[in-house]
Ligand code: PEP
Ligand code: MN
């Protein structure tokens, strides 16, 4: 399924770019003209802006739709904006916006997504056929909620649906504004292999200097495209100024990206994959063996009226394994994640034993 009309020949990779927010006619046209010169064919700009706290710039609203229409008329670019309710959706469609996206705060709310879906369902078939709807991941790392939001849009009779991965909210200060948790979009791709997935390095990174490296990472992981915030004067942007790049910088970033899409299957790749398959078999057998020992321990704990979880033992084991892992070149985060999953399953099985429900 093509995401956009056939006559659009996007850059390789597919790139959507434009300012976080539509601020003025001048800002919109200046940015759009410069983006067009770099080859970008799809222009994004937020007309309505969901802000974390009141009092910030909440977007110009309805009057900014006219500026998007001007961009389209003058440059011939496709236009995209965020919608969060019935009024936004109806007005954006009526003013000829080609692509609607559902933001991360909205896709976390099934009532709001359903309201948008109901508005779309009431559009004439022709309109629904030509409209593209992109659904950002919800702010919380919940894959089912993300899939559910896309399912609501699909049931409204929209066929051109894509996902945008923009990272997930988290508490505290991190390298990334919204840590990517790549496992989630990778799992989405496994579950829905035909769904186009676009990466939003601007909102993941939150900083200009991370846009390039994150874009390359996304391409290397097989994402179908990028949505990048670009502003003609980022330092004066009314929202998200730290992560917006000028169209000229965007051009440099896009030129530096390497698209690795060769699918050559040589014999040596086959040999390596066989080796991986065998190692995975061994890993599974080892895990099963480890679970059997954990169950023996569970039975011992039951006979001796011992509690299943002994925090001291768990902490010792974790510390030792993390150090062993580091010597083997495995990162602390990875070892902790794997061991936590194994430990959780052992505890679950031991609890079944102590409660007498174990098979
Ligand atoms: C945006 O794209 O400007 C935006 C508000 O993004 P998100 O919904 O990902 O926070
Ligand atoms: Mn933004």
* Structure fact -> In the set 273, 290, 299, the lone residue that is surrounded by 10 or more Cβ atoms within 10 Å (Cβ to Cβ), at negative phi, without any contact (Cβ under 8 Å) to a residue 24 or more places away in the chain and outside the structural domain of residue 28 (by TED's automatic domain parsing) is 273
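Restricting attention to segment 49-58, does a residue exist that is in contact with a helix residue (DSSP H, G or I) (Cβ under 9 Å, 6 or more places away or on another chain) and within 13 Å of ligand 1 (Cβ to nearest atom)?
Checked segment 49-58: at least one residue is in contact with a helix residue (DSSP H, G or I) (Cβ under 9 Å, 6 or more places away or on another chain) and within 13 Å of ligand 1 (Cβ to nearest atom).
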* Asked: Got at least one residue in segment 4-22 being at pLDDT 95 or above, assigned by TED's automatic domain parsing to the domain that holds residue 202 and assigned to a helix (DSSP H, G or I)?
  -> no
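For residue 34, state whether it is modelled with pLDDT of 95 or more and either under 25 Å from the mean Cα position of the chain (by Cα) or surrounded by fewer than 17 Cβ atoms within 10 Å (Cβ to Cβ) (or both).
No.
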* Filter segment 187-213 down to residues that are within 16 Å of ligand 2 (Cβ to nearest atom) and within 28 Å of residue 154 (Cβ to Cβ), then give me how many there are. => 7
* Number of the condition not met by residue 57 [criteria: (1) surrounded by fewer than 22 Cβ atoms within 10 Å (Cβ to Cβ); (2) modelled with pLDDT of 95 or more] -> (2)
* Asked: Can residue 56 be described as assigned to a loop (DSSP other than H, G, I, E, B) and on the phi > 0 side of the Ramachandran plot?
  -> no
* So how many residues does segment 312-337 have that are in a helix (DSSP H, G or I), closer than 24 Å to residue 179 by Cα and out of contact with any helix residue (DSSP H, G or I) (no Cβ under 9 Å at 6 or more places or on another chain)? -> 2
* Answer yes if at least one residue in segment 294-308 is in contact with a helix residue (DSSP H, G or I) (Cβ under 7 Å, 6 or more places away or on another chain) and in a loop (DSSP other than H, G, I, E, B), and no otherwise. => yes
* Counting just the residues of segment 243-259 that are in contact (Cβ under 8 Å) with a residue 60 or more places away in the chain, within 22 Å of the chain's Cα centre (by Cα) and not in a helix (DSSP H, G or I), which one comes out surrounded by the fewest Cβ atoms within 10 Å (Cβ to Cβ)? -> 259
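The values are calculated or read from the model by the stated rules, or taken from the named source; none is laboratory data. Since we're looking at a predicted model, the values are computed, not measured. Every residue, glycine among them, receives a Cβ derived from its backbone with ideal geometry; neighbour counts consider all protein chains shown.
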